[in-house]
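What follows draws every value from the coordinates through simple rules; no lab data is involved. Owing to the predicted nature of the structure, the values given are computational and were not obtained by experimental measurement. Counting neighbours? That spans all protein chains shown, and the Cβs are built from the backbone with ideal geometry, glycine included.
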Amino acid sequence: MMPTDPELVAEARGGSAAAVGALLERHRAGITAIAVRILGHGPDVEDIVHETFLVALTRIDRLRDADAAGAWLMGIARNLCLQRLRAAREVPVESFEPRQASDSLLPDEVLERMALREWVWSGLEQLSEPLRLPVILRHFTRATSYRDIAAICDVPIGTVRSRLNQARVKLGEALLEEAAGIDSDHDALARVRRRHFEDAYDEYNRGVGLDLLASSLEDEVEAIFEHGLVLKGRDALVRGLIEDVVAGVKLYIGNVIASRTITVVEGRFENPADDPLHCPPATTQVYLHDGAGIRAIRLHYGSR
């Protein structure tokens, strides 16, 4: 039987890295959807997912309502996205959770009060020193802005960003490996969703119809494109897809991330030789489920 969110939170607070990993994997689709909605398609989305993992890992003891773990994780992701947008406008990036004036804990003291301190230290020790130091500064000290970290490490701000991203990916992957087997029901759901979308787009690519995809759409499904176009109703959406099929467009599925109510599908387009600009090169599609049916789709595209 699949553990509930409160059960996973309780295990995480008891020091289980596997429970944290399972909780994050369960809500990964929702975290990704939030990032896509705010930042659009691109590499920043995966960076946000991994940073959310690291923030959650270090602050799980601060989650007050275990039943709201999903909302808490998506709130972290949303704030991190907004930070990234502010950073793009050259506003200094502050820490995710501002400290109180009286909070003068040193990094060691912060880690000592964490239930997962042993796993965190072990994970950090697996990183090279150039990757380890920016993570410690960013998440456990007052020197949290990219500018401060760059000054302390004596490297350009761009190098700080790159090293933090590399470190987060490594720690995130290690955390999800810990979760292997703890959430088998979720794994089964993810396999079913992936097979469904692979089969649906195989039909699309072979030009033999859209029966599989159409059968999963609710009658009043709403498709929202990133530039404001909205298609309402299954028939309208299917007609639009058929136009692409007739034009010879193909879509090849890459990553598929699934939760009970959200599926995120990443893929790349292959355009016909006589119309190479028909579709952008890549897409991130967010499917919102209502029971067995898809009630809404949000579509984002990579730049040409």
Q) What's the long-distance tail for segment 117-238, i.e. % of Cα pairs beyond 21 Å? A) 63
Q: With only Lys, Arg, Asp and Glu charged, each at its Cβ (+1 for the first two, -1 for the last two), find how big the charge dipole of segment 207-298 is about the Cα centre; round to the nearest 20 debye.
A: 260
(Q) I'd like to know which of MET2, ALA69, TRP121 lies farthest towards the positive end of the charge dipole of the chain, counting +1 on Cβ of Lys and Arg and -1 on Cβ of Asp and Glu. (A) TRP121
Q: Assign unit charges at the C-beta atoms only (+1 for Lys and Arg, -1 for Asp and Glu), then state the dipole size of the chain relative to its Cα centre in Debye, rounded to the nearest 20.
A: 740
**Q.** Against the rule of thumb 2.2 N^0.38 Å, how large the Cα Rg of segment 184-301 comes out
**A.** 1.02
Q: Please give the calculated 222 nm ellipticity per residue for the chain, where each DSSP H segment of at least 4 residues contributes -39500 (n - 2.57) and the sum is spread over every residue; nearest 500 deg cm²/dmol?
A: -17500 deg cm²/dmol
(Q) Projecting each Cα onto the charge dipole of the chain (Lys/Arg +1, Asp/Glu -1 at the beta carbon, about the Cα centre), which of ILE34, LEU133, HIS227 comes out farthest on the positive side? (A) LEU133
(Q) If I take the Cα coordinates of the chain and project them onto the principal axes, what are the three extents in Å, biggest first? (A) 62, 47, 31
Q: Scan the chain and note any complete DSSP helix (H) whose C-alpha atoms cover at least 24 Å along its axis and whose Kyte-Doolittle average is -1.0 or more.
A: 43-59, 69-88, 157-178
